[in-house]
Amino acid sequence: MKLDSKNPLKNKKVLITCGPTWTPVDDMRIISNRSSGEMGQTIALDFAENGAKVTLLEGPVLVPLSGKTIKIIKFCFFDEFLDLIKIELNKKYDIIVHAAAVSDYKCKKKFNVKISSKLKSIALELIPTKKIITLIKKKCPETFLVGFKLESKMNEKLAVSKTKDLFTKSKCDLAIANSVKNGKYTGYILGPKNNFIEHKTSKKDISKALIGILKDRS
């Protein structure tokens, strides 16, 4: 990835994903998660502020991002997101920051009509979804890839173990391991040898640190 020494991120094509994905249970109900999309939105704004050409794939967040300098493409369902990623990977991005909280499971069988609310119990069989992040380097080996790992709790030891697959299987160039507990954020940026680069306690600081790392690696 070649960067301009005067403004390393200016005019670089950056794709960022954020927010949750939905998977259907029936034609009314879904399985989702609590992702606010704030992390990806913050990173998108910081990249744009540094002159990058930013495209944001934004899931069904409560507070959508608005910005004249950012191209925003909305999605809701996992399958929509997968289709969008495949399209965007043909556009040869310099940097991809995959911050979306992608569904890990989906119903093996989707009910075509709303399930009755009068049932005493119901069992849903869940199966794993496709790991979207593993597609990125296969399609775009030259793209600088940043992956995320969100857990219920996070510390240095967990950050190393939880991000291992991001480097070995998904071939990420950087990984961010983070958590939000009792309203308190903590995040660790790691390199491909599971080496610690930064530890921050706010999403804004993690975003600024990421921008700084990319500038320093120009």
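None of the figures in this text is laboratory data; all of them are computed from the coordinates on show. Values in this document were obtained by computation on a predicted structure and should not be read as measured data. Neighbour counts are summed over all protein chains in view; Cβ atoms, including those assigned to glycine, are modelled from backbone coordinates with ideal geometry.
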Under the condition of being among the hydrophobic types (A, V, I, L, M, F, W, C) and part of a loop (DSSP other than H, G, I, E, B), which residue from the range 127-156 is nearest to Lys13 (Cα to Cα)? Cys140
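Hey, any hits in the range 17-40 for a residue that's over 26 Å from Pro128 (Cα atoms), under 18 Å from the mean Cα position of the chain (by Cα) and not basic (Lys, Arg)? Break it down stepwise before answering.
First, pick out the residues of the range 17-40 that are over 26 Å from Pro128 (Cα atoms): none.
Within the range 17-40, none of the residues are over 26 Å from Pro128 (Cα atoms), under 18 Å from the mean Cα position of the chain (by Cα) and not basic (Lys, Arg).
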Being within 15 Å of the chain's Cα centre (by Cα) and either more than 20 Å from Lys130 (Cβ to Cβ) or surrounded by 17 or more Cβ atoms within 10 Å (Cβ to Cβ) (or both) is the filter here; which residues of the range 66-75 pass it? Ile72, Lys74, Phe75
For the range 1-47, enumerate the residues that are surrounded by 20 or more Cβ atoms within 10 Å (Cβ to Cβ) and either touching a Pro at 6+ places or on another chain (Cβ under 6 Å) or hydrophobic (A, V, I, L, M, F, W, C) (or both). Leu9, Val14, Leu15, Ile16, Cys18, Trp22, Ser35, Met39, Ile43, Ala44, Phe47
Looking at the range 147-165, which of its residues are within 24 Å of Leu89 (Cβ to Cβ) and touching a helix residue (DSSP H, G or I) at 6+ places or on another chain (Cβ under 7 Å)? Gly147, Lys149
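Is it the case that the range 91-100 has a residue that's over 26 Å from Leu124 (Cβ atoms), aliphatic (A, V, I, L, M) and surrounded by fewer than 16 Cβ atoms within 10 Å (Cβ to Cβ)?
At the first step, the residues of the range 91-100 found to be over 26 Å from Leu124 (Cβ atoms) are 91-99.
Checking which are aliphatic (A, V, I, L, M) leaves us with 95-97, 99.
Subset that is surrounded by fewer than 16 Cβ atoms within 10 Å (Cβ to Cβ): none.
Within the range 91-100, not a single residue is over 26 Å from Leu124 (Cβ atoms), aliphatic (A, V, I, L, M) and surrounded by fewer than 16 Cβ atoms within 10 Å (Cβ to Cβ).
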What are the residues in the range 199-215 that are closer than 15 Å to Ser179 by Cα and surrounded by fewer than 19 Cβ atoms within 10 Å (Cβ to Cβ), if any? His199, Thr201, Ser202, Lys204, Asp205
Please go through the range 68-125 and give me each residue that is under 18 Å from Pro20 (Cβ atoms), in contact (Cβ under 8 Å) with a residue 40 or more places away in the chain and assigned to a strand (DSSP E or B), ordered by number. Phe77, Val97, His98, Ala101, Tyr105, Lys106, Cys107
